[in-house]
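Reading through the structure tokens given below for one structure.
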Amino acid sequence: MRKGGSAHRTYSVVVFVVLASLDNVAIGLVPPLYGSIGTGFGVGEGHIALATTVMFLISAVAAIGWAYAGDRTNRKPVLIAGTAIWVAGTAWSGLAGSYPSFLASQALAAIGLGGVASVSFSVVSDLISPKRRGLVMSFWGLSQGIGTLAGTMVGGLLGADDWRRPFLITAAAGVVATVAYVITYDVPRGDSQPELRGIEYDERIHRDDLPKILARRTNVWLILQGFSAQVAFGSLVWLPILFRARAEAQGYSTQTAIVVGSVFATLFQLGGALSILGGLVGDRLQRRTPRGRALVAAVGVLSAVPFYVVLYFVPFHIDVPNGSSSGAIIGAVLTNVVTEPTVGLSLAVAVFALALTSANSPNWFALIADVNPPEHRGTVYSLGNLFNGAGRAGGNALVGVAFRGLSGAFPPPLNYAVGLAAFQFFFIPTGIMYWLASRTVARDMADTHAALATYAAIAEPRPSHPAEPDRLR
């Protein structure tokens with residue numbers, strides 16, 4: 001495997017995708033184990049839920065510092081340090097002997113996790129040429145969603161008998177991933193930019209660069225859109241509750257209803273896999289107009305709103321064995337998809353709605369890389385991620401308040417349907433901001449490309465640069 005060659009680059013992309021997935025596994029471990037961990041430490045589930053909240057907040061804030069360090073210095077040691085910290089924190093979580101120790105371990109893991117996503121985004125954007133950014137970023141973003149779901153499964157399955165086991169196994173996997181990362185290609189900053197091909201690019205972010213970042217109006221819209229989008233996405237974590245309530249309204253026991261709600265919520269997430277199509281369409285339209293990626297994201301997000309609303313109100317009837325084992329209930333639910341028209345229609349609407357909104361993610365990643373020079377990308381990503389985290393936390397909290405307020409006028413499950421439908425309208429300002437970004441992106445891209453071309457005109461050539469045929473195109 002020649003250093004910097006096509007095989008080495010492909011290997012590097014795969015390792016980054018695995019790392020992005022694995023750190024989300026660590027994030028997803030705790031929620032399914034709230035009860036078990038709380039019992040182990042003699043505290044309520046709310047105390048353990050606090051650990052998750054702390055992890056999200058610390059991770060989002062820490063990402064800004066990590067991203068600045070990555071944009072300022074050599075990114076490989078920064079990524080190794082971030083990975084080592086979250087691995088240590090995750091292992092400590094599995095060994096913690098008290099609740100304060102567990103809370104501290106989760107905080108430590110969060111500090112490391114904040115670095116992996118923001119810095120690896122900067123590296124991946126330099127590995128992939130602009131015309132393929134949407135497609136590759138869709139895999140990178142999809143891996144994070146898969147990692148979260150995998151974390152939920154790993155926590156629930158491996159932690160059924162011993163809640164500590166999933167943390168220790170995930171930490172061990174993190175060690176293996178770190179070793180695999182050591183031999184990845186240490187990609188030069190700006191390596192994928194056509195203007196910098198063969199050029200030694202030494203620019204780094206500085207403390208006074210924030211005004212320059214915000215002067216690119218596209219960045220402002222890309223950062224702000226995440227808040228309203230994640231308010232809507234944050235509300236979707238209540239989907240299992242909606243379908244559980246629907247099952248209970250049909251006379252099923254709480255235990256059976258919980259399984260039904262969880263299975264349907266998982267099935268509906270399948271639409272997120274279609275983010276690959278969103279990335280492909282964004283890549284193709286971007287070749288025709290600089291507005292392409294932003295318009296794809298805007299149309300996708302706005303078009304999804306009516307489908308989400310329909311999903312929450314479409315009639316829904318299930319036929320599963322009440323009180324049976326989880327396996328039997330899961331099998332019956334899958335059969336219902338084919339035999340019960342209302343179930344099949346609900347699944348189709350949900351998958352289509354999620355497919356439309358999933359066009360957001362890969363095009364957001366690609367747009368950040370398109371309008372920013374290499375030394376600013378990690379920091380812009382982390383600023384956007386901070387707003388994303390605030391919106392997701394807000395959506396998750398506010399929708400619970402809305403459900404309680406609506407319960408007086410609408411009995412369950414109607415209160416859940418009305419509340420969830422209302423929160424999907426937060427996608428509208430997101431779509432508008434993407435449209436506004438589409439109006440400024442051409443100018444911001446042109447300014448960035450011009451600055452890079454000016455730098456290349458006076459810069460020294462890179463000493464040893466891989467031949468063009470070996471590049472990931």
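Worth a mention:
- Selected residue (criterion: nearest to V314 (Cα to Cα)) from residues of region 415-441 that are within 22 Å of the chain's Cα centre (by Cα) and of a type in the set (S, T, N, Q): Q424
- Residue that is surrounded by the most Cβ atoms within 10 Å (Cβ to Cβ), among those in region 62-78 that are among the hydrophobic types (A, V, I, L, M, F, W, C) and out of contact with any Gly (no Cβ under 7 Å at 6 or more places or on another chain): A69
- Only helices (runs of 4 or more DSSP H) whose full extent lies in region 353-433 are considered here, and the ones with at least 3 residues that are touching a Lys or Arg at 6+ places or on another chain (Cβ under 6 Å) and crowded, with 19+ Cβ neighbours inside 10 Å are 360-371.
- Residues that are touching a Ser or Thr at 6+ places or on another chain (Cβ under 6 Å) and surrounded by 21 or more Cβ atoms within 10 Å (Cβ to Cβ), drawn from region 277-294: G278, G279, A294
- A count restricted to region 154-199 and to residues that are at negative phi and touching a strand residue (DSSP E or B) at 6+ places or on another chain (Cβ under 8 Å) stands at 1.
- Scan of region 161-174 for residues that are in a helix (DSSP H, G or I) and either surrounded by fewer than 21 Cβ atoms within 10 Å (Cβ to Cβ) or touching a His at 6+ places or on another chain (Cβ under 6 Å) (or both), ordered by number: R165, L168, I169, A172, A173
- Once region 202-242 is narrowed to residues that are in contact with a Pro (Cβ under 8 Å, 6 or more places away or on another chain) and surrounded by 22 or more Cβ atoms within 10 Å (Cβ to Cβ), the residue that is nearest to L383 (Cα to Cα) is Q225.
- Checking P194, P211 one by one, the residue that is over 16 Å from L398 (Cα atoms), in contact (Cβ under 8 Å) with a residue 60 or more places away in the chain and not charged (D, E, K, R) is P194 and no other.
- V54 being more than 19 Å from T90 (Cα to Cα), assigned to a helix (DSSP H, G or I) and not basic (K, R): no
- Just so you know, in region 90-103 the residues that are free of Cβ contacts under 8 Å to residues at least 60 places away in the same chain and touching a helix residue (DSSP H, G or I) at 6+ places or on another chain (Cβ under 8 Å) include one that is nearest to D162 (Cα to Cα), and it is A96.
- Exactly one residue out of I241, I276, I223 is closer than 29 Å to P77 by Cβ and part of a helix (DSSP H, G or I), and it is I223.
- Checking S125, S101, S118 one by one, the residue that is polar (S, T, N, Q), surrounded by fewer than 19 Cβ atoms within 10 Å (Cβ to Cβ), in the same structural domain as L50 (by TED's automatic domain parsing) and part of a helix (DSSP H, G or I) is S101 and no other.
- Positions within region 26-39 being of a type in the set (A, V, I, L, M) and modelled with pLDDT under 85, in sequence order: I27, L29, V30, L33
- Options L158, L149, L113; residue that is assigned by TED's automatic domain parsing to the domain that holds S59, farther than 21 Å from S275 by Cα and surrounded by fewer than 20 Cβ atoms within 10 Å (Cβ to Cβ): L158
- Flag if A273 is buried (at least 18 other Cβ atoms within 10 Å of the Cβ) and either in the same structural domain as W140 (by TED's automatic domain parsing) or under 24 Å from the mean Cα position of the chain (by Cα) (or both): no
- A count restricted to region 49-78 and to residues that are under 19 Å from the mean Cα position of the chain (by Cα) and of a type in the set (D, E, K, R) stands at 0.
- Looking only at residues of region 295-307 that are of a type outside the set (G, A, S) and crowded, with 24+ Cβ neighbours inside 10 Å, we find that the one that is farthest from F426 (Cα to Cα) is V296.
- So V260, is it more than 29 Å from S138 (Cβ to Cβ), among the aliphatic types (A, V, I, L, M), surrounded by 21 or more Cβ atoms within 10 Å (Cβ to Cβ) and within 26 Å of the chain's Cα centre (by Cα): yes
- On inspection, S262 fails the criterion of being among the polar types (S, T, N, Q), assigned to a helix (DSSP H, G or I) and under 28 Å from A369 (Cα atoms).
- Test: residue in region 310-317 that is assigned to a helix (DSSP H, G or I), within 15 Å of L236 (Cα to Cα) and either free of Cβ contacts under 8 Å to residues at least 40 places away in the same chain or of a type in the set (A, V, I, L, M) (or both): yes
- Region 323-333: number of residues that are assigned to a helix (DSSP H, G or I) and either touching a residue at least 40 places away in the same chain (Cβ under 8 Å) or of a type in the set (D, E, K, R) (or both): 4
- Among the residues listed as S36, S93, the single one being in a helix (DSSP H, G or I) and buried (at least 23 other Cβ atoms within 10 Å of the Cβ): S93
The values are calculated or read from the model by the stated rules, or taken from the named source; none is laboratory data. Everything numeric here is computed off the predicted structure, so don't read it as measured data. So basically every Cβ, Gly included, is an ideal-geometry build from the backbone, and we count neighbours across all protein chains shown.
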